[in-house]
Amino acid sequence: MELMDADRTTNRRQFLTGQAAAEALADLATRGEAGVASPPTADPNAEPYLLQLGRRAMACQFEAYLNAGQYPHATQMVLESLDLVDQLEAQMTVYRESSELEHMNRSAADGPVRVEPRLFSLFERAAELYRETQGAFDITSGPLTKVWGFHRRQGAVPGDNDLTATLAKVGGDKLEFDGKAGTVRFLAPGMELNLGAIGKGYALDRVAELMLGAGIDDFLWHGGQSSVLARGARAGGAGGWLVSLGHPLRPERTLAEIRLRDRALGTSGSGTQFFRHRGKRYGHILDPRTGRPAEGVFSATVLAPTAAEADALATACYVLGPEQAIALCNGRNELGLLMLVPGKASSAVELVSAGLTEADWRLTGDIGPAG
């Protein structure tokens, strides 16, 4: 999900409690996008009373859920957290010339650019993930997003020469870090960073730090439903928070139910962002190694300790495909994977998983055919 500078309605004092919150959650579950989470679903053992607050940011709805009445300062802390999300959007968006990221995109090819320390740490982690995923996750893929028209959601198929020229500007190995000085430099002209595949998760991680620092230990946040972070548990439940995962091919159905506790979830799919050209469908998730849209996966969901990792690895797994994604997740005990892919037979669909136990998730219905 890309970071965008969108018009927003700021509901600073809008919140729901008691039965009203339960009704809002039921509505959220029915209108969630295919292939993304609709948090949280009703736990049969839980009381249905929740506090819900939200605001639009980063071209999506950020929302928090807390146990109603558990923390007297919960509303104020959520509002401060939403203000932090606004600040992070202003820092990281590629849709405002005044952002720190856009300043870097304009200047870092000419020489090292000093970066705010927390953002510098995010860049360093992104570089590590680039190496861990063999280039499937790459924050330098901004030029590819533009040449394919996804930057402004218009859609355009580039010519071979344009694509080759664009690929020369892409690659996490073309970033030079100076940890002592806190600077980043681009090693190729025309490079641009885009944090669309990690920015929302990073914002959720920062929000969680703020909430935990204020003594609030039980909460669930989501950014656009495709990025979810949970800490502690819903009151009265069997532990953690239940999240419904939408079916990427059948928007009216859920695919699975996942229990999150002190963990984050990221989901990637191209079900809502794509265009058609001469009868062929082109999804917005690009393979930065080839420069072309990734194919062969309907959706990829990753559970990870942090939301930034969950987001980045969900994108990487979508690009890598099932075999390499399973190997990646099996290599780290704290990761979990759910992936819906085409089956071997015509119109067949298969669900593959890795690193998850029966306590982590359950299938909620038939997967069904692809068509």
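What to note about this one:
- The three principal axes of the Cα atoms in the stretch 187-309 give end-to-end lengths of 53, 43, 17 Å, sorted in falling order.
- For the stretch 209-228 versus the stretch 99-168, the inter-centroid distance based on Cα atoms is 28 Å.
- Full extension of the chain between Glu209 and Lys180 yields a length gain of 7.9 nm, computed as 0.36 nm times the residue separation minus the alpha carbon distance.
- Nearest-0.05 FRET efficiency for Gln154 and Gln324, computed from C-beta distance (R0 35 Å): 0.65
- Residue separation of Arg96 and Arg125 scaled by 0.36 nm, minus their Cα-Cα distance, works out to 8.1 nm of gained length.
- Debye intensity ratio in log₁₀ form over the Cα atoms of the stretch 223-371, taken at each q of 0.14, 0.19 Å⁻¹: -0.66, -1.20
- Amide H to amide H distances under 5 Å link Thr41 with Leu242, Val243, Ser244, where only residues 5 or more positions off or on other chains count and H is placed in the peptide plane.
- Alpha-carbon centroids, the stretch 235-257 and the stretch 75-92: separation in whole Å: 26
- Whole-Hz Karplus values for the stretch 80-95 come out as 5, 5, 5, 4, 5, 4, 4, 5, 5, 4, 4, 7, 9, 5, 9, 10 Hz, taken residue by residue from phi with 6.51 cos²θ - 1.76 cosθ + 1.60 and θ = phi - 60°; glycine and proline positions read x.
- Coupling constants for the stretch 349-366 follow from the phi torsions by the Karplus curve (6.51 cos²θ - 1.76 cosθ + 1.60, θ = phi - 60°), and in residue order they are 10, 10, 10, 10, 9, 7, x, 10, 9, 4, 6, 7, 7, 8, 6, 9, x, 5 Hz; glycine and proline get x.
- Eligible lysines near Lys174 by straight Cα distance, threshold 20 Å, same-chain separation 8 or greater: Lys146
- For the stretch 246-255, backbone phi angles converted through the Karplus equation (6.51, -1.76, 1.60; θ = phi - 60°) give residue-by-residue couplings of x, 7, x, 9, 9, x, 7, 10, 9, 9 Hz, Gly and Pro being listed as x.
- Relative contact order of the stretch 113-186, taken over Cα pairs closer than 8 Å and 6 or more residues apart, is 38 percent.
- Ratio of Rg to Rh over the stretch 77-197 (Cα coordinates, Kirkwood Rh, two decimals): 0.99
Only the coordinates and a few stated rules stand behind these numbers; no lab work does. Every value quoted in this text rests on a predicted model; they were computed, and no experiment measured them. Because the Cβ atoms are built from the backbone with ideal geometry, glycine has one as well, and the counts that use them run over all protein chains shown.
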